[in-house]
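Written below as structure tokens is the structure these notes are about.
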Amino acid sequence: MSLSVEQASAWRDDGFVVLPNFVPGTQISALTDRIGELVDGFARSPGEATTVFSTTERTHSQDEYFLTSGGVIRPFFEEGAFDSEGNLQVPMDRALNKLGHAMHDLDPVFDNFSRTPELAALVSDLGFVDPLLLQSMVIFKPPHIGGEVICHCDHSFLWTEPQTVAGLWFALDDATVENGCLWVTPGGHRQPARTRFHLDGTGTTTDVIDPVPYDMDSLIPVEVEAGTLIAFSGLLPHWSAPNTSEDSRLAYTLHVIDDTADYLEDNWLQRGPDLPLRGFA
Ligand code: FE2
């Protein structure tokens, strides 16, 4: 078992578990260096990469660039990165919202990081029988312009029948209230998802299952040091505030589903036959 009794009961009762010092400092440096190389590459040849990822404005959600990003590594920008004429106001490493969504399959450094015996053992302890690594993101949350991520649960976006998705959130910087740490509702994973975002013809739509808004007063901040892993249920409501500080809040996230469940064909994230989902092997 990789979880203590207390950690296992936190996972069961609260819907999330905090594992400090999961990532050694040398690995944080390796990931940070690799992220720097990728960002430099995008800065040298940005191409058509001007899509903003905003959970408040949802401008990305009908965008081909987003909808075809399940099997590639693409940069997405923060809303505040551009001036009114569409020009970048800050250097690339301070402009990005995220890289997504197949870091774990296409980048050797992230592949190695995402497929360790320790992570496989943890995911087994979380209850997975036949895990598949579905989605990965580097989330930048840059100083001053890192935006709010509205309260949601990940099952709404990565739907399996029955629900299986879980998020693994690796802090690569210290995450604080000031720089936009995760906030969660302990025990909120016992409630069903309130929305479902899915493909609808050539675009996407959001079905409202329960119109009652999330109780923002039930959220608590999860401030963690760099190297901490937060594992959370796909049903756990979570939120993060804008980064109003001078400090970046870099994180890597990995979403895992169980192949014993059905991954729906109208989920936004679809893989082609050239890049099938894989587990930890
Ligand atoms: Fe999320």
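Applying the selection to the range 251-270, what residues are away from the ligand (no atom under 16 Å from the Cβ) and surrounded by 16 or more Cβ atoms within 10 Å (Cβ to Cβ)?
ASP258, ALA261, TYR263, listed by residue number.
From the set of residues in the range 141-159 that are surrounded by fewer than 23 Cβ atoms within 10 Å (Cβ to Cβ) and part of a loop (DSSP other than H, G, I, E, B), which is nearest to the ligand (Cβ to nearest atom)?
PHE157
Six or more apart or on different chains, Cβ atoms under 9 Å: show the pairs whose first residue is in the range 102-120 and more than 24 Å from LEU3 (Cβ to Cβ) and whose second is surrounded by fewer than 17 Cβ atoms within 10 Å (Cβ to Cβ) and small (Gly, Ala, Ser).
Partner pairs satisfying both residue conditions: VAL109/ALA30.
If you go through the range 215-246, how many residues are in contact (Cβ under 8 Å) with a residue 40 or more places away in the chain and part of a loop (DSSP other than H, G, I, E, B)?
Here the count works out to 16.
Select from the range 125-140 the residues that are within 18 Å of LEU31 (Cα to Cα) and out of contact with any helix residue (DSSP H, G or I) (no Cβ under 6 Å at 6 or more places or on another chain) and write down the one among them that is farthest from the ligand (Cβ to nearest atom).
Once the filter is applied, the top-ranked residue is PHE140.
Given the criterion outside any helix (DSSP H, G or I), over 26 Å from LEU106 (Cα atoms) and at pLDDT below 85, identify the matching residue among THR50, THR56.
THR56
Here are GLY279, GLY234: which of them is within 16 Å of the ligand (Cβ to nearest atom) and not acidic (Asp, Glu)? Step through it out loud before you land on a result.
On the way: GLY279 fails: within 16 Å of the ligand (Cβ to nearest atom).
On inspection, the qualifying residue turns out to be GLY234.
The values are calculated or read from the model by the stated rules, or taken from the named source; none is laboratory data. Note that the structure is predicted; figures quoted are calculated from it, not measured. Don't worry about glycine lacking a Cβ; one is built from the backbone with ideal geometry, like all the others, and counts go over all protein chains shown.
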